[in-house]
1. Of everything in segment 135-189, what is modelled with pLDDT under 65 and among the β-branched types (Val, Ile, Thr)? Give them in sequence order.
2. Got at least one residue in segment 75-89 being closer than 27 Å to THR3 by Cβ, out of contact with any strand residue (DSSP E or B) (no Cβ under 8 Å at 6 or more places or on another chain) and assigned by TED's automatic domain parsing to the domain that holds GLY137?
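The values are calculated or read from the model by the stated rules, or taken from the named source; none is laboratory data. Just so we're clear, the structure is a prediction, and the values are computed from it rather than from any experiment. Cβ sites come from the backbone with ideal geometry, for glycine too, and all protein chains shown count toward neighbours.
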Amino acid sequence: MKTRPGFLEGVGVALVLSIGGSALFVMFNPFVSAGFLLRLLASGISFAYVLYLLWRSRERIGRVTMLTGWLLLSILIWLWYPPIVLYLSLHLLLLWLVRALYFYNGVLPSLMDLGLHGTASALAIGAGLHTQSLFIGLWTFFLCQALFVFIPSSLQGRRASRVAVKDGEDRFERAHRAAQAAVHKLTSV
């Protein structure tokens with residue numbers, strides 16, 4: 001069973017995506033408009049990050065459906081071609097949705113992750129505008145995203161889960177005894 005990704009792994013992913021994204025931007029910027037290239041890079045980088053998240057997730061069910069849904073929504077966003085800020089925001093929401101569904105077992109951890117997405121976006125925009133560097137903007141965003149490993153997957157503590165298991169066992173035993181009593185009544189008549 002895979003363990004949850006670690007912070008240092010997230011830093012490595014941040015470095016790879018930041019270097020790759022900024023290198024591709026520098027290579028193709030002379031040939032394609034900046035707006036088109038930013039949209040293309042946003043789609044490509046978020047696709048790579050979704051693949052990483054699905055690969056590192058313990059959840060096995062629904063991966064193909066999630067990937068297909070993500071691709072379809074990404075194509076629809078591309079065809080709609082909204083302003084760049086909305087385009088990036090929609091891709092961020094898709095990234096959040098993947099992480100919320102595959103790494104958290106409750107609403108509050110998912111909302112905490114949404115807050116992390118908002119914070120990462122604000123810091124990345126500020127850093128990118130201040131330095132005029134795509135690399136710094138991407139690095140800041142994905143470095144903040146690496147912090148998601150510190151958000152608990154569930155806010156129930158170990159004690160609560162042990163009580164739930166014990167209560168579940170008690171309920172099972174009661175149901176088992178009731179079924180045995182019903183079978184005994186039916187056979188004794």
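1. Of everything in segment 135-189, those that are modelled with pLDDT under 65 and among the β-branched types (Val, Ile, Thr) turn out to be VAL163, VAL165, VAL189.
2. Within segment 75-89, not a single residue is closer than 27 Å to THR3 by Cβ, out of contact with any strand residue (DSSP E or B) (no Cβ under 8 Å at 6 or more places or on another chain) and assigned by TED's automatic domain parsing to the domain that holds GLY137.
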